[in-house]
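Let me begin by presenting the structure, written as structure tokens, before commenting on it.
The values are calculated or read from the model by the stated rules, or taken from the named source; none is laboratory data. Note that the structure is a prediction, hence the values are computed from the model and not measured. Ideal geometry is used to build each Cβ from the backbone, glycine not excepted, and the neighbour counts take in all protein chains shown.
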Amino acid sequence: MKNKILYIVAVILIFAAALVLRIVDLDKKPLHGDEANQTVRAGMLMDSGVYHYDPKDHHGPVMYYAAMPFCRATASQFSDTNEWNFRLVTVCFSILTMLLMLGLGYKEAHGLFSNRGGLLFALLFTALSPALTYYSRFFIQESMLVCFLTGMFVCGYGYMRTRSEGFVAQGLFRALLKSAVMAALFGAFAGLCIATKETAVLSFAAMSVSAVAVFGHKRFVKLWSTRDLLISIAVAIVVAFLFFSSFFTYPQGVYDAVFSTCSTYFKRATAVPEHQHPWNFYFKTIFWFKYGRGPLWSEAGVLIPALIALMVSLTAFIKRKLAGADHNCFVLFISVYTIVLTLIYCAIPYKTPWCALSFLHGYILMAGAGVAYVIDWINRFSAKSYKAGAYAVLMALTAGLAVAHTRQNIRACYKLAADPRNPYVYAHTGRDAMELVASIEKAAAKLDGYETFIAIAVPTPDTWPLPWYLRKYRNVGYWTHIDQIPDNMTPAIIVAAADQGDIVDERYGKGMQCNFYGIRPGTLLNLFVPAER
């Protein structure tokens, strides 16, 4: 009873730490261009009630619909929203991921973790992972994808346990009902993955490879009945259909999701030079990063217990396989899945650091299983002094790693939140962009306020995140070149690409004052405002 109370207290403290790291100063960091793009998309749904899936420039619709309760809680229209409305969405789903992890199990031979210590370790470093924490404070899809993948693991494992325990032991009706419910939930999470981000198919591919490698085709077929497999597939299709069709109002979205997405993402994966990186990009970003004289960043500490999990589970698998005995292969399944998914992402030329979250969480799960194995090994010591000493070493190493991750979190989320010395900062909006916004607001306040005519003549990628920061202004026009602005329009404030400054000056320059601002590293914009007199 005492151990159970300590376990509950530890879980509560871990969740509290995770929540604090994720919500403090949530609105202080400038919105990334991708975040702003997503918020505007959600804002269109909020104001018009209409959403149409666009496979070329946006991901799946789940995040936009999920944002609606958070937005409606404090705002009646998009222009009244703020950073909290949107970033709280991903914060909540990152916490939900940890809640789902409690369902992975900790009793020996009945879960991913052979004891509670392993589960606590996995929870702790999911809470403290600098990468998972930093991107949970981003309004992008990755935290939600990790959450739904975790849900698939929980339901898939729960289903297989139900089947392996046998219908006689549980009762036929109860076992059939439980397996059907688990299969349906597995399908629901799979459908949510698909409707959240298209890269979910990479995780599905890794799961399939791992399932065949670990369980074998015959055993997998034995564990999953045809009826329940069809239930999972049907539920996944229904869930994905609901979101892509905008709840039956836009059938074209389903067609685009099925037929247009593949060509779009194949092209993006191979033909977008600004996001093409070497195969080891993710390893350098997550496990060993140092920019100039900046601080060292690393989550490599979880790799050692993850390797222990792989070696122990693989050894047990080989021995028991040769002996023809049945065994729990869940740890090995997660290990193979994580390694295969890592290889897939490393092989794709297109890379952004947040894509690493799916397999990084896999390594954390493996690390928890590895620590559980170490605890089991310590518990076999007969001498109390040896056991106490081993536990002290394990606790000291865990505490040291937790402190190191916490310090990195403080740097990543607060001190260097938009600084290139931070490995998770990628093409991020610079602080100079906030000066640009402040200058626009100052000039507009002296003109017509939110009715001021503002022209943005910037190539599309470099426009962001200005549409977010100018959401309250009712007369903002967007063009990619200054020559596209109609002759009968005379904007009061102009933002133009750096190479269009001379054209603006020639066309509108009389009485205008010009300044340069960096919207993000390597991208300068011209701001033309009425000259002060």
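Data overview
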read-out: Extreme residue, farthest from the chain's Cα centre (by Cα), among residues of region 480-502 that are among the hydrophobic types (A, V, I, L, M, F, W, C) and surrounded by 17 or more Cβ atoms within 10 Å (Cβ to Cβ); value: ALA492
read-out: Qualifying residue in region 121-141 (condition: within 18 Å of ILE286 (Cα to Cα) and charged (D, E, K, R)); value: yes
read-out: Region 14-32 residues that are within 23 Å of ASP419 (Cα to Cα), paired with ones that are of a type in the set (Asp, Glu) (beta carbon under 8 Å, 6 or more apart); value: LEU26/GLU83; ASP27/GLU83; LEU31/GLU83
read-out: Yes/no for GLY511 being at pLDDT below 90 and in contact with a Pro (Cβ under 7 Å, 6 or more places away or on another chain); value: yes
read-out: Residue count for region 211-235, restricted to those that are buried (at least 17 other Cβ atoms within 10 Å of the Cβ) and among the small types (Gly, Ala, Ser); value: 2
read-out: Identity of the residue in region 117-148, closer than 19 Å to LYS197 by Cβ and of a type in the set (Phe, Trp, Tyr), that ends up nearest to the chain's Cα centre (by Cα); value: TYR135
read-out: Residue among GLY368, GLY400, GLY430, GLY362 that alone is more than 24 Å from the chain's Cα centre (by Cα) and not aromatic (Phe, Trp, Tyr); value: GLY400
read-out: Extreme residue, nearest to the chain's Cα centre (by Cα), among residues of region 453-471 that are closer than 12 Å to ILE440 by Cα and assigned to a loop (DSSP other than H, G, I, E, B); value: LEU470
read-out: Filter result for the condition that a residue is surrounded by 15 or more Cβ atoms within 10 Å (Cβ to Cβ), in the same structural domain as LEU307 (by TED's automatic domain parsing) and of a type in the set (A, V, I, L, M, F, W, C), over VAL437, VAL374, VAL403, VAL425; value: VAL374
read-out: In region 27-56, the residues that are of a type in the set (A, V, I, L, M, F, W, C), under 19 Å from the mean Cα position of the chain (by Cα) and assigned to a loop (DSSP other than H, G, I, E, B); value: LEU31
read-out: Residues within region 353-406 that are part of a loop (DSSP other than H, G, I, E, B) and aromatic (Phe, Trp, Tyr), tallied; value: 1
read-out: Any helices (runs of 4 or more DSSP H) falling wholly within region 57-149 and containing at least 3 residues that are without any contact (Cβ under 8 Å) to a residue 40 or more places away in the chain, of a type outside the set (D, E, K, R) and surrounded by fewer than 24 Cβ atoms within 10 Å (Cβ to Cβ); value: 62-72
read-out: From GLY449, GLY400, residue being at pLDDT 95 or above and not aromatic (Phe, Trp, Tyr); value: GLY400
